[in-house]
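The structure appears below as structure tokens.
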Amino acid sequence: NAGVTQTPKFRILKIGQSMTLQCAQDMNHNYMYWYRQDPGMGLKLIYYSVGAGITDKGEVPNGYNVSRSTTEDFPLRLELAAPSQTSVYFCASSYPGTGSLAHYGYTFGSGTRLTVV
Amino acid sequence: GEDVEQSLFLSVREGDSSVINCTYTDSSSTYLYWYKQEPGAGLQLLTYIFSNMDMKQDQRLTVLLNKKDKHLSLRIADTQTGDSAIYFCAESVGTASKLTFGTGTRLQVTL
């Protein structure tokens, strides 16, 4: 299994440009998440999805958009890149287990390092 | 809102024990987690503890939970150079299994 695959691994954008960060998982997980990681700040939740066609805002959604047309894919869109969006972006997925599986933690992708100049 | 707090840095000698501490925010969190991040990689789940437990041992890892003080710790016995990484605690909050992560503790293991 590939797990969670993120592309690209690195990207430099100019201010005002747009891009889509891709995320795909092959574990049939219902739940998917986008986080950003800034130095010394931990991870902040941008958006999440509990299934195809359902998305919701996290803690820091401004400047981003998402869609979830399939169970496997959860792309993150930056419409007008700003220097404040320079960060490392992680996609994760999880299985909404119950009972003995309720502890199921996240599987993370390897991240996309984005620099906006 | 409140942050999940961790100290930023810990340095230990190879073979010693490491203790990484975390103060979380939500007393109703069902599960609490420890993740490990190696350079240039995503986070990897190390272990977790259910909120009705106060201790969990998993090989070299021991997790202690003090619900009264909302304090979580991770002890790594016989710390090795391969344990050098950033360690994040996380708590499950609300619905959709959303996790709130701490700021991360960088563990440096010296010879």
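The values are calculated or read from the model by the stated rules, or taken from the named source; none is laboratory data. Note that the structure is a prediction, hence the values are computed from the model and not measured. So basically every Cβ, Gly included, is an ideal-geometry build from the backbone, and we count neighbours across all protein chains shown. Each accessible area value is taken on the protein alone, full model and side chains, heavy atoms only, with ligands, DNA and RNA left out. Shrake-Rupley method; radii C 1.70, N 1.55, O 1.52, S 1.80 Å.
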Response to the item:
On the formula 1/(1 + (r/R0)^6), with r taken between the Cβ atoms of residue B:53 and residue B:14 and R0 of 41 Å, the FRET efficiency rounded to 0.05 is 0.85
Practice prompt. Go through B:74, B:104, A:19 and say which Cα lies farthest out towards the positive end of the charge dipole of the protein assembly as shown; charges sit on Cβ, +1 for Lys and Arg, -1 for Asp and Glu.
Written response: A:19
Worksheet item: Extension gain residue A:57-residue A:28, at 0.36 nm per residue separation less the Cα-Cα distance, in nm?
Response: 8.3 nm
Response to the item:
Mean per-residue count of partner chain Cβ within 10 Å for A:37-43 equals 6
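Share of chain A's accessible area from carbon and sulfur, percent, 1.4 Å?
52
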Discussion item. Taking each pair of distinct Cα atoms in the range B:1-49 once, what is the resulting Kirkwood hydrodynamic radius in Å?
Written reply: 13.1
Item to complete: Pull out a ≥ b ≥ c, the square roots of the eigenvalues of the alpha-carbon gyration tensor of chain B, then state rounded if a/c is under 1.5, prolate if not and a/b is larger than b/c, and oblate in the remaining case.
Response: prolate
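Would you mind telling me the share, in percent, of accessible area of the range B:1-96 contributed by carbon and sulfur at probe 1.4 angstrom?
Heavy-atom surface of the range B:1-96 belonging to carbon and sulfur, 1.4 Å probe: 46 percent.
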Worksheet item: With every protein chain left in place, what is the accessible area per residue of the protein assembly as shown in square angstrom, probe 1.4 Å?
Response: 49
Worksheet item: So which of A:57/B:67; B:36/B:98; A:57/B:36; A:14/A:57; A:57/B:70 end up more than 21 Å apart, counting from Cα to Cα?
Response: A:57/B:67; A:57/B:36; A:14/A:57; A:57/B:70
Fill in: Neighbour net charge for residue B:85 - beta-carbon separation under 13 angstrom, K R +1, D E -1
0
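Quick one: net charge of residue A:110's neighbours, Cβ under 12 Å, K/R +1, D/E -1?
+1
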Practice prompt. Evaluate peptide B:98-106: per residue, the Cβ atoms of other protein chains within 10 Å of its Cβ; return the mean as an integer.
Written response: 5
